[in-house]
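Structure, as structure tokens:
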Amino acid sequence: MSQRFGTDAFYAAVGRAFVAMCAVVPVLFLIELVDSRLMGGRLDVQGGILPHEIAGLDGIVFAPLLHANFAHVLANSAPLILMGTFVLAAGPRRFWLSTVLIAVISGVGVWFTGETGTVVVGASGLIFGYLGVLLTRGVVEHSWWNIAVGLLIGLLYGWQLIGVLPTDERISWQGHLFGFIGGIVAAIAFRRRKGDPLTDEADDDDDDLK
């Protein structure tokens, strides 16, 4: 039962993941600083998702790194750190695989369903994707630890689920919706099977001991 609620190694992984996610936010602010001060906002247009335009497909890769302004970066920072920490704590392999899948599903969904003539940027799709991962992981892995984490995240940020609905024309609800769907898919596709280590770092450690 103690393993269900996390080992010492997993709590250490949470600490490392928190530090790593905190390091991401200054990078996002730096990118916004370069865009706003040196590029005049051109990075958003060049790297954002342009729905229904072939030239806007590269935004699937770059859009999560770009934001409309500093307030946009600030609004995304806390949930990105918190949710990213718990997703990353389960292991870097699953984190990166989940991140890529979420970005692709969110970005493609925005490209197909977004409003023509708009530019979509921001890490919100990833944030909603991580929320989907955390809320789904405990169920599919039958883990009390992950269920507890999912409930905590749900209590703190579950209200954001309203963002998957078209309530504000300035907000890409499509990115939120498809990001959340991507997170659910990622939680299922990259779930920890019975008998697997709690983190994939543990798997690497086992290999080193052999």
Filtering segment 1-41 down to residues that are open to solvent by 80 Å² or more (accessible area, probe 1.4 Å) and of a type in the set (D, E, K, R), which residue is modelled with the highest pLDDT? Arg16
Pull up segment 10-47, narrow it to residues that are in a helix (DSSP H, G or I) and among the small types (Gly, Ala, Ser), then point me to the one that is nearest to Phe86 (Cα to Cα). Ala17
Single residue of segment 44-54 satisfying the filter (among the aliphatic types (A, V, I, L, M) and more than 21 Å from the chain's Cα centre (by Cα)) that is surrounded by the fewest Cβ atoms within 10 Å (Cβ to Cβ): Ile54
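For every residue, the table says whether it meets (1) outside any helix (DSSP H, G or I); (2) in contact with a helix residue (DSSP H, G or I) (Cβ under 9 Å, 6 or more places away or on another chain); (3) at pLDDT 75 or above; (4) surrounded by fewer than 20 Cβ atoms within 10 Å (Cβ to Cβ).
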| site | (1), (2), (3), (4) |
| --- | --- |
| Ala148 | no, yes, yes, yes |
| Gln160 | no, yes, no, yes |
| Asp168 | yes, no, no, yes |
| His176 | no, yes, yes, no |
| Gly183 | no, yes, yes, no |
| Ala186 | no, yes, yes, no |
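Here is a yes/no grid of residues against (1) touching a His at 6+ places or on another chain (Cβ under 6 Å); (2) touching a residue at least 24 places away in the same chain (Cβ under 8 Å); (3) closer than 20 Å to Val19 by Cβ; (4) among the acidic types (Asp, Glu):
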residue	(1), (2), (3), (4)
Ile54	no, no, no, no
Val61	no, yes, no, no
Pro64	no, yes, no, no
Ala71	no, no, no, no
Asn76	no, yes, yes, no
Leu80	no, yes, yes, no
Phe86	no, yes, yes, no
Val104	no, yes, no, no
Trp111	no, yes, no, no
Given the conditions (1) out of contact with any Ser or Thr (no Cβ under 8 Å at 6 or more places or on another chain); (2) closer than 24 Å to Pro26 by Cβ; (3) of a type in the set (A, V, I, L, M, F, W, C); (4) modelled with pLDDT of 80 or more, every one holds for Ile153 apart from (4)
Within segment 104-139, count every residue that is buried (at least 23 other Cβ atoms within 10 Å of the Cβ) and among the charged types (D, E, K, R). 1
Condition met for Leu57 (at pLDDT 90 or above and open to solvent by 20 Å² or more (accessible area, probe 1.4 Å)): yes
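The values are calculated or read from the model by the stated rules, or taken from the named source; none is laboratory data. A quick note: this is a predicted structure, and the numbers were derived from the prediction, not measured. Heads up, the Cβs are rebuilt from the backbone with ideal geometry, glycines too, and the neighbour counts pull from every protein chain shown. The protein model used for the area step is the full one, side chains on, heavy atoms only, and it has no ligands, DNA or RNA in it. Shrake-Rupley method; radii C 1.70, N 1.55, O 1.52, S 1.80 Å.
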